[in-house]
Amino acid sequence: MDEDKTKKFLVKKNDTVGRFAVVSENLKAGDLIFTEKPFAYGPKTDSPPLCLGCYNPVDKNLCSKCGWPVCCTECENIPSHKDYECQVFSNARVKFQPVDDPSAICLQYECITPLRVLLAKEKYPERWEKEIIPMEAHLKERRDKPIWKFNQVNIVEYLRGPCKCDRFSEELIHTVCGILDVNAFEARAPSGYLIRCLYPNLAILSHNCVSNIVHAIECQGTGDQDDFSVHVRAAVDLAKDTEIFSSYTYSLWPTLIRRDFLRESKYFECKCERCSDKTELGTHMSSLKCNKCDNGIILSTDPLDDKCEWKCTHCNFSTNAVAVKKVFSTIQAEIETVEMMSDSEGIEARETIFRKYRSVLHPKNAYMTILRVALSQLYGKAEGYTMEDLPDLILERKVELCEQLLEVLDVVEPGYSRIRGITYYELHSPLLILARNQYAAGMINKEQLRRRLQQAIDCLGESAKILKGEPSCTLEGQLYQVARQAHEQLSSNIDMLVETA
């Protein structure tokens with residue numbers, strides 16, 4: 001595929017933001033803007049030792065040529081390993097040093113992805129000049145940070161010393177590290193582990209805390225097949241010449257946390273419309289409840305000042321941004337402690353946190369929203385909480401969680417975002433079961449039953465429409481197939497469902 005003929009964007013430049021992209025024609029939500037392969041990809045920083053071919057955990061199996069971890073001969077011969085670091089390590093006779101804990105961070109892996117970028121520079125000099133050199137590396141800002149000394153020891157000196165890659169200057173290696181840290185995107189390997197990929201076109205897109213695109217990454221192929229190609233689509237309708245925005249941070253964090261992350265990792269102060277608004281575009285994702293009066297909401301007096309005063313809308317109570325950030329950090333830490341819990345205990349732990357802070361946080365606050373995401377997906381799946389187990393009261397709770405979540409997502413993750421597609425899917429089941437239960441109990445008549453069944457079917461349709469562009473190898477792509485088939489089946493059988501209820 002010739003990407004230059006199929007892409008639907010133009011690159012522009014100004015003195016304020018540098019390079020940015022606009023759509024070259026009118027687009028509908030879901031339309032493909034461009035597809036591209038990564039310039040290079042590999043393990044993230046802080047990675048455990050993984051197969052350098054497929055990124056599965058490995059158990060003492062090493063490449064026969066270079067002596068670094070791979071699963072098997074097939075993975076040993078995957079080009080992203082065979083044609084890159086394998087040759088360097090083999091020639092320099094740099095062997096992987098066994099580790100005591102294969103699940104712990106492996107510092108030996110810090111050099112892999114930067115080395116792949118450096119070797120890709122030699123393989124594709126024209127692409128390097130045109131696509132990679134214009135990327136921001138923020139060397140000036142990074143020199144005085146701990147990351148500079150860390151990279152100097154673990155990457156620069158290792159590559160130029162034991163790996164005999166002194167043809168690459170120290171400055172160039174630091175530049176590559178900066179380019180990766182600032183511009184790389186995460187992708188999920190089939191193993192479930194995250195890696196990082198460098199997409200030159202995707203990196204051009206400006207940041208906004210409300211993105212107007214969605215990107216989906218194909219799973220890894222084998223041999224000469226495409227690996228981790230990204231498909232970028234319009235999340236909402238876009239008029240010709242509209243600037244294309246991607247989000248460099250987690251959209252469900254509050255403003256203080258988002259801006260802090262962007263400042264520390266991307267080296268800029270976000271001043272987008274959402275960050276500049278005290279109510280976060282009416283979502284109140286940063287707002288707190290006032291405990292000094294009945295109806296007061298505590299808002300920032302200046303969202304772009306991380307040390308400003310926060311005041312109640314109804315009384316004289318005030319606090320400051322530093323105190324608010326401490327509250328957010330405390331709650332975030334509590335949520336992180338239960339993040340990996342996906343059983344009934346996980347539901348109960350999250351509901352406990354939800355109850356604990358509902359008198360402190362605005363109902364739509366970011367952390368209440370984050371809890372709703374997990375709870376909306378766990379109810380109906382966790383043992384003891386499957387759809388067959390749920391009483392009407394919990395089914396209504398699941399509906400409430402999904403509907404409240406969608407109110408926020410419609411603003412901060414609008415259009416064809418994955419999380420909206422998943423949430424619509426989660427909403428359809430409790431609506432369907434509640435409608436049947438309520439009709440059986442005589443609480444609604446047949447016409448009301450039909451309307452409620454149709455509402456559930458419409459949720460499935462919306463889910464399928466949103467997730468249609470997701471690669472079939474991903475969970476979202478598989479969910480699309482389930483939602484599409486269920487939507488077709490229920491739509492064609494709604495009369496029978498009503499008559500046999």
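The requirement of being under 28 Å from L252 (Cα atoms) and among the basic types (K, R) is satisfied by R484. The set of residues from the range 154-192 being aromatic (F, W, Y) and within 25 Å of V94 (Cα to Cα) comprises Y158, F168.
Residue under question is G421, and the condition is that it be out of contact with any strand residue (DSSP E or B) (no Cβ under 7 Å at 6 or more places or on another chain) and surrounded by fewer than 18 Cβ atoms within 10 Å (Cβ to Cβ); does it hold? Taking the combined requirement at face value, the residue does not satisfy it. Pairing residues of the range 138-155 that are assigned by TED's automatic domain parsing to the domain that holds A184 and surrounded by 15 or more Cβ atoms within 10 Å (Cβ to Cβ) with residues that are assigned to a helix (DSSP H, G or I) and small (G, A, S), at Cβ distances under 8 Å and at least 6 apart in sequence or on separate chains, gives H138/G178; R142/G178.
Contact map, the range 475-488: residues that are part of a helix (DSSP H, G or I) paired with residues that are of a type in the set (D, E) and buried (at least 17 other Cβ atoms within 10 Å of the Cβ), Cβ distance under 6 Å, separation 6+ or inter-chain. Pairs shown: E476/E470; G477/E470; Y480/E470. Residues in the range 379-410 that are assigned to a helix (DSSP H, G or I), touching a residue at least 24 places away in the same chain (Cβ under 8 Å) and over 12 Å from L427 (Cα atoms): D392, E407, V408.
Residues that are among the small types (G, A, S) and in contact (Cβ under 8 Å) with a residue 12 or more places away in the chain within the range 330-345 comprise S342, S344, listed in sequence order. K381 fulfils the conditions (1) more than 23 Å from the chain's Cα centre (by Cα); (2) modelled with pLDDT under 95 except for a single criterion, (1). Among what's in the range 220-235 and is more than 16 Å from S247 (Cα to Cα) and touching a strand residue (DSSP E or B) at 6+ places or on another chain (Cβ under 8 Å), pick the residue that is modelled with the lowest pLDDT. Per the stated criteria, the residue is D227.
Taking (1) part of a helix (DSSP H, G or I); (2) of a type in the set (A, V, I, L, M, F, W, C); (3) out of contact with any Leu (no Cβ under 8 Å at 6 or more places or on another chain) in turn, M341 satisfies each apart from (1).
Condition check ((1) more than 19 Å from L238 (Cα to Cα); (2) in a strand (DSSP E or B)) across all residues:
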site	(1), (2)
L10	no, yes
F20	no, yes
I33	no, yes
Y41	yes, yes
T45	yes, no
P48	yes, no
L52	yes, no
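With respect to the conditions (1) buried (at least 21 other Cβ atoms within 10 Å of the Cβ); (2) in contact with a strand residue (DSSP E or B) (Cβ under 6 Å, 6 or more places away or on another chain); (3) more than 27 Å from C290 (Cα to Cα), M368 falls short on a single one, namely (3). In the set L172, L180, only one residue is surrounded by fewer than 21 Cβ atoms within 10 Å (Cβ to Cβ), touching a residue at least 24 places away in the same chain (Cβ under 8 Å), among the aliphatic types (A, V, I, L, M) and in a helix (DSSP H, G or I); that residue is L172. Residues satisfying the criterion are absent from the range 276-295 (criterion: assigned to a helix (DSSP H, G or I) and under 22 Å from the mean Cα position of the chain (by Cα)). Taken over the range 359-370, the criterion of being under 16 Å from P254 (Cα atoms) and in a loop (DSSP other than H, G, I, E, B) is satisfied by V360, H362, P363, K364, N365. Condition check for C75 on (1) at pLDDT below 95; (2) more than 30 Å from E243 (Cβ to Cβ); (3) assigned to a loop (DSSP other than H, G, I, E, B): one failure, at (3).
The values are calculated or read from the model by the stated rules, or taken from the named source; none is laboratory data. None of these values were measured; they are calculated from a predicted model. In this analysis, Cβ positions are derived from the backbone assuming ideal geometry, glycine residues included, and neighbour counts consider all displayed protein chains.
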